[in-house]
Amino acid sequence: MTASFELPAPHHFTAGTIGEPGQRVFFVQAADGSSTVTLKVEKQQVAALAQYMAELLADLPPVPDEEVPTDLELLEPAVAEWVVGTIGVAFDEQRDRMVVTFQELQVVEESDEPLLEPDDATSLATFVVTRGQALGFVRRAAELVSSGRPPCTLCGRPLDPQGHVCIKTNGHLPH
């Protein structure tokens, strides 16, 4: 088991990437005055988290623009503590905060095939963020997800700079 983290009032909460489209590694990061926690995630996890947070925010009072952070770049060095398996989000009405919990992904060896599953001894990271920070995350995530490789007009899969062999052409024509 690796380290667990709890940041009850981070001043920085963001998503970011390292690498070129098609080779990017996605991260979620939070920092308070004494520590920075960086976690490795999948692109789909960032998109799903942002979508869920946006849905929660839609049911709450609007966030004033001055409460939404604009400096959302990853803080360096961006070195992942561990890989995220599951993500949970709750809204704490009393504190007017979103509680975001990340659970480490464990690889469990059973028989000949590895099985990916979280267990009770898994590390957790909990970040308690403001609605403004959540909205900033949603905006940043949308920017990151949309800045990837453009989709193929035939199959919808991402195009590499040199194109790809499209399944809609039975792999016969590069597209």
Quiz item: Looking only at the stretch 23-34, which residues are small (G, A, S) and at pLDDT 95 or above?
Solution: A30, A31
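When you scan the stretch 1-60 for strands (runs of 3 or more DSSP E) that lie fully inside it, which ones turn up with 2 or more residues that are under 15 Å from E73 (Cα atoms)?
Working: elements: 5-7, 12-18, 25-31, 36-41.
Per the criteria, 12-18, 25-31, 36-41.
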Quiz item: Could you say which residue among E6, E42, E20 is more than 19 Å from M98 (Cα to Cα), modelled with pLDDT of 95 or more and open to solvent by 60 Å² or more (accessible area, probe 1.4 Å)?
Solution: E42
Quiz item: For the stretch 99-141, how many residues meet the condition of being at pLDDT below 95 and either open to solvent by 20 Å² or more (accessible area, probe 1.4 Å) or over 21 Å from T2 (Cα atoms) (or both)?
Solution: 17
Quiz prompt | the stretch 64-80, residues that are assigned to a loop (DSSP other than H, G, I, E, B) and open to solvent by 80 Å² or more (accessible area, probe 1.4 Å) | solution = T70, D71, E73, E76, P77, V79
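The values are calculated or read from the model by the stated rules, or taken from the named source; none is laboratory data. Being a predicted model, the structure only gives us computed values, none of them experimental. Accessible surface areas use protein heavy atoms only, side chains included; no ligands, DNA or RNA. Shrake-Rupley method; radii C 1.70, N 1.55, O 1.52, S 1.80 Å.
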